[in-house]
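Let me begin by handing over the structure; questions about it come next.
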Amino acid sequence: MAFNRSLRHHSLRSREVLPFYDSVFAVAFTLLAFNLPDRLGALAGTSQLLNTLAWYGLSAVAVFLYWLKLRRLVLLDRFVQLPQLGLIGLGLLTVVLVPKLASLVLRHGVGVGSLLQWTLAQVVNTTFLGFLLLFNLICLLYAISLKVRRSHRRRSDQLLQGIITTQLMGLAAMLVLVILELSFAWFDNQYVFLLPLILVAEEITVLRVIYRRPPQRHP
């Protein structure tokens, strides 16, 4: 399909966007590493040390998978238009705040509370989950915008539909975590151990779509 040359005045090549995109995610990783030494200095026991290292390690895994998820969508199009640039900018703003929110959850995320009487732990945990939910929603809207904006080849359509379906499932899982956080006193910040599992399950589902062989046509 021929490319509409008028779009060049209102879009950027995806290869031009990726360096800035990758740099912002590098900043997020740097902030995670920067917050770790200060936290380790306040620990007194081995169990607390291991828990903190696991926490930051899982947070880094989550940030990496978020980087991969949105980057894949950017690469699907040759040109990135203004609506997609807005979604990318909002996603980058969200991910830069994740390291600080992760630090707050580690410090204040343990505590009882109820749906009608919020505690500091619930506020911090729900805020953190809300930002992660927002990033998932950004990826979903980006995938939908790509599917609506232009017609892809059949295999690209299958990939986009697979991504959209996977994102909907991920959003549902994240909403379940929010409900558990607000409804049950025993559920504090355990979601940080479930979050990477959800993201890995999403990636496995998308990879199955990518590497699925198209059906063979018989003469």
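The values are calculated or read from the model by the stated rules, or taken from the named source; none is laboratory data. The shown structure was predicted, so the numbers you read here are calculated from the model rather than taken from an experiment. Cβ placement follows ideal geometry from the backbone for every residue including glycine, while neighbour counts extend to all protein chains displayed.
Would you check which residues across segment 79-100 are over 17 Å from residue 140 (Cα atoms) and buried (at least 20 other Cβ atoms within 10 Å of the Cβ) and list them? Outline the logic, then answer.
From segment 79-100, those over 17 Å from residue 140 (Cα atoms) are 79, 96-100; that's our starting set.
Correct list: 98, 99.
Among the residues of segment 174-193, count how many are within 18 Å of residue 54 (Cβ to Cβ), surrounded by fewer than 16 Cβ atoms within 10 Å (Cβ to Cβ) and not aromatic (Phe, Trp, Tyr).
The qualifying residues number 1.
I'd like the residue in segment 166-181 that is of a type in the set (Val, Ile, Thr) and out of contact with any helix residue (DSSP H, G or I) (no Cβ under 8 Å at 6 or more places or on another chain) and, out of all such residues, is farthest from residue 205 (Cα to Cα).
Quick first cut of segment 166-181, residues of a type in the set (Val, Ile, Thr) only: 166, 176, 178-179.
Filter once more, keeping what is out of contact with any helix residue (DSSP H, G or I) (no Cβ under 8 Å at 6 or more places or on another chain): 176, 179.
Details: 176: 19, 179: 24 Å.
So, considering only residues that are of a type in the set (Val, Ile, Thr) and out of contact with any helix residue (DSSP H, G or I) (no Cβ under 8 Å at 6 or more places or on another chain), the one farthest from residue 205 (Cα to Cα) is 179.
Right, next: Only one of 76, 49 is modelled with pLDDT under 80, surrounded by 13 or more Cβ atoms within 10 Å (Cβ to Cβ) and more than 29 Å from residue 183 (Cβ to Cβ); which? Working first, answer last.
Working: 76 fails: modelled with pLDDT under 80.
So the residue among 76, 49 that is modelled with pLDDT under 80, surrounded by 13 or more Cβ atoms within 10 Å (Cβ to Cβ) and more than 29 Å from residue 183 (Cβ to Cβ) is 49.
In segment 161-215, how many residues are in contact (Cβ under 8 Å) with a residue 60 or more places away in the chain, assigned to a helix (DSSP H, G or I) and not β-branched (Val, Ile, Thr)?
The number of residues fulfilling the criteria is 9.
Among the residues of segment 1-46, write down those that are at pLDDT below 70 and loosely packed, with under 10 Cβ neighbours inside 10 Å. Even if it seems obvious, please write down each step before you answer.
Initially, segment 1-46 is screened for residues at pLDDT below 70, giving 1-10, 36-46.
Of everything in segment 1-46, those that are at pLDDT below 70 and loosely packed, with under 10 Cβ neighbours inside 10 Å turn out to be 1, 2, 5, 6, 9, 37, 38, 41, 42, 44, 45, 46.
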